[in-house]
Amino acid sequence: MAESYIDQADKEARKRALEVFRQRFREVLEQIRRGENPFLMLPKRTLSNTIYDERRKLLLLGPEKLKRSFFDLHEAKKFMQTLLMARIIFEALERDEYPTIRDLYYRGKHTIVYREPGGRRHEENTWDEQRESDAVIRDIEVLTGLLREEMLILSKEKGKVVGDMRIRSGGDVIDLSKMGHGAYAIEPTPDLIEFLDVNAEYVLVVEKDAVFQQLHRIKYWRQHKAILITSAGQPDRATRRFVRRLNEELGLPVYILTDADPYGWYIYSVFKIGSITLSYESERLATPQARFIGVSMTDIFGDPKSGKKPYLTEQERRNYIIKAKDADIKRAYELMNYLWFQTPKWKREIEIFLDKKAKLEIEALTSKGLRFLADKYLPEKIETGDWIE
Amino acid sequence: MARQRAQRAKAAEAPRETFKSMSPSEFFYHYKEIAGFDNPTKALYQAVRELVENALDATDVHGIFPDIFVSIEAVDREESFYRITVEDNGIGIPPNNVPSAFGRVFFSSKYKLRQARGRFGLGAKAVIIYAQATTGRPIEVYTAPIGSRRVYYFKLKIDIQRNEPLVLARGEFENPSGWHGTRVSITIKGDWSRARHRIYTYFQRTAIAAPYANIVFVDPDGNVVVYRRTLNKLPPKPREVKPHPHGVDAEMLKQLISRSNAKTMLEFMVETFQGVGKKTAEAFLEYAGIPKDLDPHRLSERDIVRLVSKMREFRKFRPPSADALSPLGPEVIETGLRSILKPEFVVAVTRRPKVYEGHPFIVEVGIAYGGEIPPQEEPMLLRYANKIPLLYDERADVAWKVLHSFDWKTYMVTFPAPIAVLTHIASTKVPYKAAGKESVAEAPEIEQELRNALREAARKLREYLLKKKREEEAKRRIVTFMKYTPEVAKSLAVILKSYGVKESDIREMLLTAMKKRLGLPEEEFAKLVEGLEVSVEE
């Protein structure tokens, strides 16, 4: 590989990460040198150790720590796995590689062959399923304080973006307004993207890829001066980090459009305050200012309490509404328990949902008319401030 | 079942009506099942057993390390005739006693108060009677007492009607090598293919209880089994003792009186019974209201019955002596179990003598665990009484009952478990359920002692299992740490290579830290990791 092709930003990131690894594991070596039981201190990645910071409106990792010792029957394997994963990532950083989490799984999947004192021969894999090695990667992230993106670990690209802006990535300048019918796939290391110039008023994130495509075809983003993004379902880390940077660094307001059901609400919640399984990343990934633009229950049914009129006619409601399933109801009750869903507006949303036991997909709005969605619904809601924060 | 009951009822009624006209030989001729000769299968097994037990009684009881040779030959396959030959290196039989010893039922050197394997004076004679009934062939005996210059030969039958020996031939040979012992050959109708398994089991069980014996067995198919002596020590010899007043019945008392030369009751009591001194005798006679000067020979039948019940009631006799008993002892049991069952752990317990119905007894229990014993849903039970293995009617035996009401879990045994339990009851009178000597009745004292002995042995087993569990725990920890050490050491070496640490050094340091962590002495650690190998395939 020719050195010159390697991006300078990547190089810096690698140097930083390698040094963090050396520092962390030096401690372990010192413990061993002193004849102690070597251990690693990790923040606990559990629901009980996930804290909602009301002031900053973020889901954060709590103060609880986990001591993972090698000479402990139940921890030994995890300890070994953590060191093994650290080594593989370390080697990849050194060699200027960009492993995916699947690569890391294969590289670390070794077979330990051992013969017991009794003579029985056993085989044991360092890990069997990728689920296991993925969990170890998360451990390494909390242990080193480095996100996988900072360790140049790649994952599948999922999010897409178009809009009137230019960025630099891997040494190339990319014009996000010249993507044709396609879109720019948000790379797994969004921190290595440089924002060059932007001509936009806000960011619109659409949960559904299909709706994103329709809005892109009619150049919604140009007409309304928006950066248009889709997470294609549950957002990956790169999309969340990219949205966060647009909000934080460019000061663009972020609006999120999802289905009108508890799963849509949770997608919004992940963008806004972080997820429970990855709470240690919230500080870098969450966008606390993100707004839920819709589709809200009051958009469908109106709200006699506030005098809001519905966007759908009686007839349309009959056509588009889907009856809520038991799982939806159950999920709604769970969300009610989360502190960040206990604002008056969210309480009202959940209340209407549980009352009507009805949900609605964004596509219903495009069915009513793509123009309705693009020229009436979205601009009107943004202009009148009809969103939930 | 019904048929068995009917037979038993017949056996119980018949003698009452016809005993006068029936000799003991005749009685056993008609009721062979009482002695264990119900059918050709059982008869073959029973015959081997009787002859082998006589052979053992002629040796170990007299301080001789037994060398026993046994063969079964098929002499007529069509008729299922088998010749059994048993040879021992025992004390032999004085030639003038041979005809009676083999030819008269109830003539026995063992009809005394001393623990021995045979007790009914039936043994060989039942075999002879059965042989006569099935093949009609006589028994052949070679015998030489210790120091005898000659070997004596007899060929004889029993005159069943008259309960008398019928010598068909006799002879004498020079004995230049100084051989002593007895060799008998007898041909009976049997069923080898059915008896085979039981006879093999019998030899195995016999070998367990007599690890100080050499036993060679040649079966009809020419297979040879050899049980070699694994213990060079004999159990202590049982001594002959006088009967205890609590242990006699009216019939026995009558015999004792008729054999006695005592002129007065006082004299009779002191001379005849164990542990009865002048003072005790006087106190008892006063209690029983019998004049101490009375001539015992003048006691009427009714007096004798009364005397027996008074003797039973009287509490001030000394407890019966256990001198007559010959337990196997923990060493014999442990050696026997170890050499035959090849377990990983054995323990044996010999309890102190106790008494039931005036008879002293000693209970012994051995436990063998693990090793080559296959795990089973219930413990393998090896029952013995007076050193002979009991194979039939296991479920009717008191030992079975005790084992099955035992709380094994308390002793860390959960089934299926690889466990064998040996029980031995040594007594001058074992309460067998029948003359076949296959199961022991539930005397409460014996049952209690069995339970105590089992508990005592099981406690030792638990100690062992606990220790083993701790060791396994330690081993598991070591194996776990050791198997992950290569990856840990390599990873640290890779990440920290700029500090110049070597993988091998890290491994060494990890090993040191591990030993410190486990807190095991160097030796024990070395023992636990011996043979442990770890490699990593990347």
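The values are calculated or read from the model by the stated rules, or taken from the named source; none is laboratory data. Owing to the predicted nature of the structure, the values given are computational and were not obtained by experimental measurement. Positions of Cβ are generated from backbone atoms using ideal geometry, with glycine treated the same way; all protein chains shown enter the neighbour counts.
Sort out for me the strands (runs of 3 or more DSSP E) sitting completely within the range A:138-230 that have 1 or more residues that are of a type in the set (D, E, K, R) and surrounded by fewer than 14 Cβ atoms within 10 Å (Cβ to Cβ).
Correct list: A:172-175, A:194-198.
Which ones in the range A:246-280 are in a helix (DSSP H, G or I) and within 27 Å of A:Lys44 (Cα to Cα)?
The answer is A:Tyr263, A:Trp265, A:Tyr266, A:Ile267, A:Tyr268, A:Ser269, A:Val270, A:Phe271, A:Lys272, A:Ile273, A:Ser279, A:Tyr280.
Go through B:Ile425, B:Ile388 for me and flag whichever is β-branched (Val, Ile, Thr) and modelled with pLDDT of 90 or more.
B:Ile425
Any residue at all in the range A:85-105 that's free of Cβ contacts under 8 Å to residues at least 12 places away in the same chain, closer than 23 Å to A:Thr277 by Cα and not assigned by TED's automatic domain parsing to the domain that holds A:Ile273?
Checking the range A:85-105: at least one residue is free of Cβ contacts under 8 Å to residues at least 12 places away in the same chain, closer than 23 Å to A:Thr277 by Cα and not assigned by TED's automatic domain parsing to the domain that holds A:Ile273.
Looking at the range A:49-116, what strands (runs of 3 or more DSSP E) fall wholly within it and have at least 3 residues that are more than 7 Å from chain B (Cβ to nearest Cβ)? Steps first, answer last, please.
On the way: elements: A:50-53, A:58-61, A:65-69, A:111-115.
Per the criteria, A:50-53, A:58-61, A:65-69.
May I ask you to list pairs of residues, at least six apart or on different chains, whose Cβ atoms are under 6 Å apart, with the first in the range B:221-233 being farther than 15 Å from B:Arg338 by Cα and the second being among the aliphatic types (A, V, I, L, M) and part of a strand (DSSP E or B)?
B:Val224/B:Val218; B:Val226/B:Val216
Please verify whether the range A:63-77 includes one or more residues that are of a type outside the set (A, V, I, L, M, F, W, C), within 16 Å of A:Glu149 (Cα to Cα) and under 25 Å from the mean Cα position of the chain (by Cα).
Residues of the range A:63-77 of a type outside the set (A, V, I, L, M, F, W, C): A:63-65, A:67-69, A:72, A:74-75, A:77.
With the extra rule that they be within 16 Å of A:Glu149 (Cα to Cα), the set shrinks to none.
Among the residues of the range A:63-77, not one is of a type outside the set (A, V, I, L, M, F, W, C), within 16 Å of A:Glu149 (Cα to Cα) and under 25 Å from the mean Cα position of the chain (by Cα), which makes the answer no.
Hey, A:Leu40 hits all of (1) under 21 Å from A:Ala286 (Cα atoms); (2) within 14 Å of another protein chain (Cβ to nearest Cβ) but one; which does it fall short on?
All conditions are met except number (1).
Of B:Ile160, B:Ile199, which residue is hydrophobic (A, V, I, L, M, F, W, C) and either modelled with pLDDT of 95 or more or assigned by TED's automatic domain parsing to the domain that holds B:Ile340 (or both)?
B:Ile199
Test B:Ala458 against the stated conditions and say whether it is surrounded by 22 or more Cβ atoms within 10 Å (Cβ to Cβ), more than 9 Å from chain A (Cβ to nearest Cβ) and in a helix (DSSP H, G or I). It would help to see each step written out before you state the result.
Details: surrounded by 22 or more Cβ atoms within 10 Å (Cβ to Cβ): yes; more than 9 Å from chain A (Cβ to nearest Cβ): yes; in a helix (DSSP H, G or I): yes.
Yes; evaluated as a whole, the condition is true for this residue.
Residue by residue, here is whether (1) closer than 14 Å to A:Gln23 by Cα; (2) more than 7 Å from chain A (Cβ to nearest Cβ); (3) touching a Ser or Thr at 6+ places or on another chain (Cβ under 6 Å) holds:
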site: B:Arg470; (1), (2), (3): no, yes, no
site: B:Lys475; (1), (2), (3): no, no, no
site: B:Ile478; (1), (2), (3): no, yes, no
site: B:Met482; (1), (2), (3): no, yes, no
site: B:Val488; (1), (2), (3): no, no, no
site: B:Leu492; (1), (2), (3): yes, no, no
site: B:Ile495; (1), (2), (3): yes, no, no
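Please tell me if B:Asp295 is under 21 Å from B:Leu234 (Cβ atoms), surrounded by fewer than 19 Cβ atoms within 10 Å (Cβ to Cβ) and in contact with a Lys or Arg (Cβ under 7 Å, 6 or more places away or on another chain). Step through it out loud before you land on a result.
On the way: under 21 Å from B:Leu234 (Cβ atoms): no; surrounded by fewer than 19 Cβ atoms within 10 Å (Cβ to Cβ): yes; in contact with a Lys or Arg (Cβ under 7 Å, 6 or more places away or on another chain): yes.
Considered against the rule, which asks whether it is under 21 Å from B:Leu234 (Cβ atoms), surrounded by fewer than 19 Cβ atoms within 10 Å (Cβ to Cβ) and in contact with a Lys or Arg (Cβ under 7 Å, 6 or more places away or on another chain), B:Asp295 comes out as no.
Could you tell me whether the range B:523-530 includes any residue that is surrounded by fewer than 18 Cβ atoms within 10 Å (Cβ to Cβ), within 7 Å of chain A (Cβ to nearest Cβ) and charged (D, E, K, R)?
Scanning the range B:523-530 turns up at least one residue that is surrounded by fewer than 18 Cβ atoms within 10 Å (Cβ to Cβ), within 7 Å of chain A (Cβ to nearest Cβ) and charged (D, E, K, R).
Here are B:Met509, B:Met514: which of them is within 7 Å of chain A (Cβ to nearest Cβ), in contact with a helix residue (DSSP H, G or I) (Cβ under 8 Å, 6 or more places away or on another chain) and free of Cβ contacts under 8 Å to residues at least 24 places away in the same chain? Break it down into steps so the answer makes sense when it comes.
On the way: B:Met514 fails: free of Cβ contacts under 8 Å to residues at least 24 places away in the same chain.
Among B:Met509, B:Met514, only B:Met509 is within 7 Å of chain A (Cβ to nearest Cβ), in contact with a helix residue (DSSP H, G or I) (Cβ under 8 Å, 6 or more places away or on another chain) and free of Cβ contacts under 8 Å to residues at least 24 places away in the same chain.
Among all residue pairs at least 6 apart or on different chains, which show Cβ distances below 6 Å where the first residue, located in the range B:36-50, is touching a residue at least 40 places away in the same chain (Cβ under 8 Å) and under 10 Å from B:Lys437 (Cβ atoms) and the second is of a type in the set (S, T, N, Q) and surrounded by 24 or more Cβ atoms within 10 Å (Cβ to Cβ)?
Between residues of the range B:36-50 that are touching a residue at least 40 places away in the same chain (Cβ under 8 Å) and under 10 Å from B:Lys437 (Cβ atoms) and residues that are of a type in the set (S, T, N, Q) and surrounded by 24 or more Cβ atoms within 10 Å (Cβ to Cβ), the close pairs are B:Gly36/B:Gln46.
So which residues in the range B:357-371 are closer than 14 Å to B:Ile425 by Cβ and either over 20 Å from the mean Cα position of the chain (by Cα) or outside any strand (DSSP E or B) (or both), if there are any at all? First the steps, then the outcome.
Initial filter on the range B:357-371 (closer than 14 Å to B:Ile425 by Cβ): B:357, B:359-366.
Within the range B:357-371, B:Glu357 is the sole residue that qualifies.
Quick check: is even one residue across the range A:294-312 modelled with pLDDT of 90 or more, under 12 Å from the mean Cα position of the chain (by Cα) and assigned to a loop (DSSP other than H, G, I, E, B)?
So far as the range A:294-312 goes, no, none of its residues is modelled with pLDDT of 90 or more, under 12 Å from the mean Cα position of the chain (by Cα) and assigned to a loop (DSSP other than H, G, I, E, B).
Looking only at strands (runs of 3 or more DSSP E) that fall completely inside the range B:175-248, which ones have 2 or more residues that are under 18 Å from B:Thr41 (Cβ atoms)? Working first, answer last.
Working: elements: B:181-189, B:214-218, B:224-227.
Once the strands (runs of 3 or more DSSP E) in the range B:175-248 are filtered for at least 2 residues that are under 18 Å from B:Thr41 (Cβ atoms), what remains is B:181-189.
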